Amino acid sequence: YVVRLGGNDKIKELLLGQDLNDGKPHRVDVVHKDLVINVTLDGDSSQEKSGQITTKYKKLEIDVAIYVGGAPSFQGLLGVKSNFYFVGCLIDVKFRIVRGTPVREIQLLKKDVVESVKVDMAKDRCSPLAFQPYTFSKPDSEYTFVIDKKTSIAGSFKFRTYQKDGILLKQGNGQNGFTIKFGGSGVILSLVIKGTPTEVTLPTDVNEPRVDAGNWIAIKFTLSATDIKLEGYNNELPVTKTPTTAVGNNFFHPDVTAGGFIGCMRDLQVNGKDFKPINGVSKVKGVEFDRCNITDLCVFVPCLNGATCTTDGKGLKCDCTGTGYKGDVCQLGKYLYTVGCIRN
C-alpha cells in the first residue's frame, strides 16, 4: 500500500505491507493531525503496519474530484503513480472531519450519490475471493508433483513476475518432454520428441502489454498426439500446432516440475486435479508457501541521474550507461577532475 503526497517539485512516499493481493480484506486508516499524516494498514491485527509522513502544512485541502478505485487516466492526477486499474471491492470509504463540533463525515461510493464507471454499486458486500499463491524466490526455485499418467496433458495456471524470462512448467529432458516458458516474445509452449521441438508462442499482448509487468497472467495448455495448444484467459484464438513427430503412449511421465523463475504461481491444475507445493510433503526447492512475495522495487525510482531501473521482484539493478555516473544507484561521478595551480 502506497501513500504519495506532494507536487511535482517534491514527492513524499510511504510504503506499507506486502502481498496484499491475497484475496483477503485489508483496512487502511489515514489520519492527518497538525504536521503529521499517520497511516495504518490492517490495524488491530497481527499484520498491522504503520508509518507517517511529515508535512509543512497543518491544513490539507481535498480536491473537488476524488477518484476512488481507478480513473480514466492516472497520468494527470497530481503525480499519482499507478499503471493499472484496481479490480476488487471497496467498502466503508469515507472522510471524517474530527475538528470542530459536531464531527462531520463524508461518505463515498454510495449509489445515486457518486458518478461511477464499471462499478457495481448495487452490491453491499464483496464476493468471496480466496486463493493460495506461492513464491519462487530464486531463478532455480521449483517444486515437483505427480500426475496421473495419460496419453495427453491438459492444464491451466496463473503466474506473475517482474523477470524478463524464465521457465514455468516442464517435464522430461532435452530429448523428450515439454516446457512452458516466457520471454520477450511472450509465453512459449515447446514439445520436444526425440530432440525435435514443436513450439507455439502466445504473444505478450493477449492478456497484458508485457509478461514482466507484475500482473497475474492466466494460461491454458494442451499437449497430445494430434496437437499442442496454448491460450490465454478468454482468448478466442488459441495458438495450435501439430507435432512433427508422433507422440507415443508412454511419452508423458508422472513427474512434472513447476518453477524456474522469480515470481508467483497459483491455481495450477493438470488433468483435472489441483496442485500446489506442500511444506514437508512436496519435493520443494526455494519456494515460499501461501504467499506472493515479490515487489516492484523500481516503483519509487531509486536509480539516480537518469539511470534505468530493472527489478525481478526480489532485487533491483540500476543501469548507469550513458549517465556519466557509477555506483549501486548511479550516485557517484564516473570521472574525477583535478584542479592544479599554474605558476608563471
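The values are calculated or read from the model by the stated rules, or taken from the named source; none is laboratory data. Note that the structure is a prediction, hence the values are computed from the model and not measured. FYI the Cβ positions are ideal-geometry reconstructions off the backbone, even for glycines, and counts take in every protein chain you see.
Just checking, which of Lys181, Lys150 is in a loop (DSSP other than H, G, I, E, B), surrounded by fewer than 22 Cβ atoms within 10 Å (Cβ to Cβ) and either assigned by the TED database to the domain that holds Gly315 or of a type outside the set (Ser, Thr, Tyr) (or both)?
On the way: Lys181 fails: in a loop (DSSP other than H, G, I, E, B).
Checking each option against the conditions leaves just Lys150.
Say we look at region 177-201 and pick out the residues that are touching a strand residue (DSSP E or B) at 6+ places or on another chain (Cβ under 6 Å) and of a type in the set (S, T, N, Q); which of these is modelled with the lowest pLDDT?
Per the criteria, the residue is Ser185.
Could you please give the count of residues in region 153-178 that are surrounded by 15 or more Cβ atoms within 10 Å (Cβ to Cβ), within 20 Å of Lys241 (Cβ to Cβ) and polar (S, T, N, Q)?
Qualifying residue count, region 153-178: 3.
Checking Val281 against (1) among the β-branched types (Val, Ile, Thr); (2) surrounded by 13 or more Cβ atoms within 10 Å (Cβ to Cβ); (3) without any contact (Cβ under 8 Å) to a residue 40 or more places away in the chain, only one condition comes out false. Which one?
Of everything listed in (1) among the β-branched types (Val, Ile, Thr); (2) surrounded by 13 or more Cβ atoms within 10 Å (Cβ to Cβ); (3) without any contact (Cβ under 8 Å) to a residue 40 or more places away in the chain, Val281 misses just condition (2).
What's the number of the condition Pro238 fails, among (1) surrounded by 14 or more Cβ atoms within 10 Å (Cβ to Cβ); (2) touching a residue at least 40 places away in the same chain (Cβ under 8 Å)?
Condition not satisfied by Pro238: (2).
Which numbered condition in (1) more than 18 Å from Phe145 (Cα to Cα); (2) at pLDDT 85 or above is the only one that Gly260 fails?
(1)
Please name all residue pairs, on different chains or six or more residues apart, with Cβ atoms under 7 Å, provided the first residue is in region 301-329 and is surrounded by 15 or more Cβ atoms within 10 Å (Cβ to Cβ) and the second residue is assigned to a strand (DSSP E or B) and among the small types (Gly, Ala, Ser).
Close Cβ pairs (under 7 Å, with a partner that is assigned to a strand (DSSP E or B) and among the small types (Gly, Ala, Ser)) amount to Gly313/Gly263; Tyr325/Gly333.
Yes or no: Thr240 at pLDDT below 90 and assigned to a strand (DSSP E or B)? Give the steps one after another, and end with the answer.
Details: at pLDDT below 90: yes; assigned to a strand (DSSP E or B): yes.
When the stated conditions are applied, Thr240 passes them.
Of the residues that sit in region 246-256 and are in a loop (DSSP other than H, G, I, E, B) and buried (at least 16 other Cβ atoms within 10 Å of the Cβ), which one is modelled with the lowest pLDDT?
Let us first name the residues in region 246-256 that are in a loop (DSSP other than H, G, I, E, B), namely 246-254.
Subset that is buried (at least 16 other Cβ atoms within 10 Å of the Cβ): 247, 251-252.
On the way: Val247: 78, Phe251: 82, Phe252: 86.
Among them, the one singled out is Val247.
Just checking, does region 27-45 include any residue being under 27 Å from Thr135 (Cβ atoms) and modelled with pLDDT under 75?
No, region 27-45 contains no residue that is under 27 Å from Thr135 (Cβ atoms) and modelled with pLDDT under 75.
Is there a residue in region 186-209 that is outside any strand (DSSP E or B) and within 24 Å of Phe275 (Cα to Cα)? Spell out the reasoning first.
First pass over region 186-209, keeping only residues outside any strand (DSSP E or B): 194-195, 204-209.
Checking the rest, the ones that are also within 24 Å of Phe275 (Cα to Cα) come to 207.
There is at least one residue in region 186-209 that is outside any strand (DSSP E or B) and within 24 Å of Phe275 (Cα to Cα).
Which one of the conditions (1) modelled with pLDDT of 85 or more; (2) under 28 Å from Ser141 (Cα atoms) does Asn279 fail to meet, given that it meets all the rest?
In the conditions (1) modelled with pLDDT of 85 or more; (2) under 28 Å from Ser141 (Cα atoms), Asn279 misses (1) alone.
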